[in-house]
Amino acid sequence: MTSRKLIGVLTPSSNTALEPLTSTMLAGVPGVSAHFSRFPVTEISLRDASLRQFDDAKILDAARLLADAHVDVICWSGTSASWLGFERDRDLCARITEVTGIPATTSVLALNELLQRQGARTLALVSPYVGDVQQRIVANYAASGIEVVAERHLDLSVNFEFSEVEPDTLRTLLRDVAQSRPAAMTTLCTNLRAAQLADEMERELGIPIYDSVATVVWKALQTIGVDTRIVRGWGRLFEEHA
């Protein structure tokens with residue numbers, strides 16, 4: 001039998017961006033494939049009903065389904081901890097591993113690890129979210145010692161609509177926040193079609209761009225012992241943080 005490495009990815013139910021982006025990102029990595037399990041997420045806001053979408057029970061049910069496929073790592077390809085608090089993802093990963101026996105990681109924890117590796121103390125933030133969600137994200141990074149020196153958000157709350165944002169809109173937002181000359185930039189939302197822009201925009205702007213779909217793929221590959229330098233054309237993180 002051939003040796004395969006299987007990456008399990010937890011996916012918001014209304015997300016149409018992260019699955020094709022993840023699969024394309026991994027297409028050139030021999031023997032590695034991504035496998036997806038969904039749970040209900042349709043709105044991003046601070047309303048109680050929206051916050052309850054990220055309770056552990058449904059996420060853990062989706063993780064158990066991935067465990068049936070004998071995946072080697074389980075990734076939460078989502079950014080909810082950026083506004084709910086980073087400890088939420090640390091606790092979630094611990095619970096996933098407890099119930100499945102499989103190591104786990106998340107987009108936000110991977111982003112934070114990259115910022116720490118880089119020694120970044122300033123960050124520019126691009127997201128589709130509404131203002132109060134964006135403010136929570138900015139506050140959480142400030143509490144961790146990272147100043148968000150520029151941000152742009154699109155004031156959208158319907159998760160499906162995030163994937164409808166045109167790449168040219170994202171290019172404009174990245175150019176706007178780059179004027180503050182942050183140490184790093186992030187496109188923070190796994191339902192944005194942004195990961196494919198990182199390589200192009202890094203060359204134009206000269207600043208590392210950590211997209212939240214790419215960050216969790218980067219960490220998943222590290223977790224399963226695959227050299228991330230195999231991934232080309234998706235941003236400097238795969239080569240510079242191999």
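Read the figures in this text as sums done on the coordinates, not as results from a lab. All values reported here derive from a predicted model rather than from experimental measurement. Note: ideal-geometry Cβ built from the backbone for every residue, glycine included; neighbour counts use all protein chains shown.
So here's what we get for this one:
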item	result
MRE, 222 nm, helices only [DSSP H, n ≥ 4, -39500 (n - 2.57), over the chain, to nearest 500]	-13000 deg cm²/dmol
Net charge, VAL73 excluded, C-beta distance under 9 Å - Lys, Arg +1, Asp, Glu -1	+1
The chain, relative contact order [Cα under 8 Å, separation at least 6], %	22
The stretch 166-191-the stretch 30-99 distance, computed between alpha-carbon centres (Å)	25
Among (i) 67; (ii) 52; (iii) 73, the entry that matches percent of Cα pairs over 21 Å apart as calculated here	(ii)
